[in-house]
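Inspection log for the structure reproduced underneath, given as structure tokens.
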Amino acid sequence: MVWPLVSAEGYTGTWSTLLSQQNFEATIFTAAGLSGWASVVPFLGCLAVAGGLAWAVTPRRGLSFASLATAGAWLGAWALLAVLAPSALGIDRASERVAFNGGDRLAMFGGDGPHPISGLVLIALAFGLLTLLAALAASHAARWRRTRVSAIPAGGA
């Protein structure tokens, strides 16, 4: 939704900044005079419809709290790794140095401070946890419906 970052791919915080400034890619609605969130609402609506349709056609399984808790633990482990590993392994700095040495003088604009990938990871973590909560709610609703249907006598209501 925001501008591509070819020159400074190591500095992921730029995406968060562009998003907070509502600096989005141009759409047909931008050409019509809309800007900011109004220009991307149709795209977000399409994402919501696609997600809803995917949810509607996905078979409901009896998810246990333990399986969802395990998924949540793995999601948390991923978030910790995503935040801590790049700095520990020097991944972001290495990509910046390669681009800088290749002639891209903007590649090091992130300075020597930490890269704010943690903001993006927290957003992804929040969406992941909301998805797990929705799965838990759907699982309980399906279980409740099955229990109600089996409680109805064979002769009808």
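Every number here is computed from the coordinates shown, using simple stated rules; none is lab data. Keep in mind that what you see is a predicted model, and the values were worked out from it rather than measured. Heads up, the Cβs are rebuilt from the backbone with ideal geometry, glycines too, and the neighbour counts pull from every protein chain shown.
Some notes on this structure:
- Difference of contour (0.36 nm per residue) and Cα-Cα distance, Ala50 to Leu133: 28.0 nm
- Relative exposure of Leu81, Leu68, judged by other C-beta atoms within 10 Å (fewest first): Leu81, Leu68
- Phi-based couplings in Hz for the stretch 23-33 (Karplus 6.51, -1.76, 1.60; Gly and Pro marked x): 9, 9, 4, 5, 10, 4, 6, 5, 5, 7, x
- Close amide H contacts of Phe24 (hydrogens built in the peptide plane, cut-off under 5 Å, sequence separation of 5 or more or a different chain): Gly36.
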